[in-house]
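Below is one structure, written out as structure tokens; comments come after it.
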Amino acid sequence: MQDEQLLPRQKRLRIRDMTIDDLSTVFHLGEEVFTAEYSPSLYRTWDEYEITTLFNSDSELCLVAEHEGQIVGFALGTTVEKHHSAWKYGYLVWLGVRPFMQKLRVGARLFREIKRRMREQGVRMIIIDTDAENEAAIRFFTKQGFGNVQEHVYMTLNLGRKRKGRKRDVAAPGKDLAGR
């Protein structure tokens, strides 16, 4: 709040529902924020389908932050209900803020609002994920109350490249290399 009070009243940040007219702006902001430099091993791909799918399924959990009439941040979330579980989970899928606005608590304001909305929907636990080396994101989410930091291993296999080396013998299903 303190940083926000430094801004003149007419320039204060506004958190609001994302509208269909915001999709293009949010997409391009995501392209600016979620780059290979940001997270070289980003396992999820930022593309227009991420936004449209979330907007069409959970529009009440798609928010934007406006400053001086310009979108400077967004939060996209969804809820998950597991079969045979009494718990409803919230998943904050994407949270992005223009770099020059990142010290003005835009992300914290977006998170606070999406958390409030998830709580109203009966969510008992919010889940996020980020690259294990993204120290800024880990610090941010820790400040928001997240804990139980765990590292996950994501591996890739590029199917477009031919493997170098000798060809391996492969047995038919259910048989060893001797044909048994």
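The values are calculated or read from the model by the stated rules, or taken from the named source; none is laboratory data. For clarity, every value in this text was computed on a predicted model and none was experimentally measured. Using ideal geometry, Cβ is built from the backbone for each residue, glycine included, and neighbour counts are taken over all protein chains shown. The area values use the complete protein model at the heavy-atom level, side chains included, leaving out ligands, DNA and RNA. Shrake-Rupley method; radii C 1.70, N 1.55, O 1.52, S 1.80 Å.
In table form, for the structure just shown:
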| read-out | value |
| --- | --- |
| Ranked by how many other beta carbons lie within 10 Å on average, peptides 60-68, 13-21, 98-106, 82-90 from highest | 60-68, 98-106, 13-21, 82-90 |
| Protein accessible area in the range 69-127, 1.4 Å probe - carbon and sulfur % | 51 |
| Integer Hz, Karplus 6.51/-1.76/1.60 couplings in order for the range 82-93, x for Gly and Pro | 8, 4, 6, 10, 7, 8, 10, 9, x, 10, 7, 7 |
| Long-range amide H partners of VAL72 with built H, under 5 Å | ALA65, GLU66, HIS67 |
| Nonlocal amide H pairs with VAL93, under 5 Å, H built at 1.01 Å | LEU76, GLY77, THR78 |
| Residues GLU135 and THR52, FRET efficiency given R0 of 30 Å [Cβ-Cβ distance, rounded to 0.05] | 0.45 |
| For the range 120-133, Karplus couplings with θ = phi - 60° (6.51, -1.76, 1.60), whole Hz, Gly/Pro x | 4, 8, x, 5, 9, 8, 9, 10, 10, 9, 8, 4, 4, 9 |
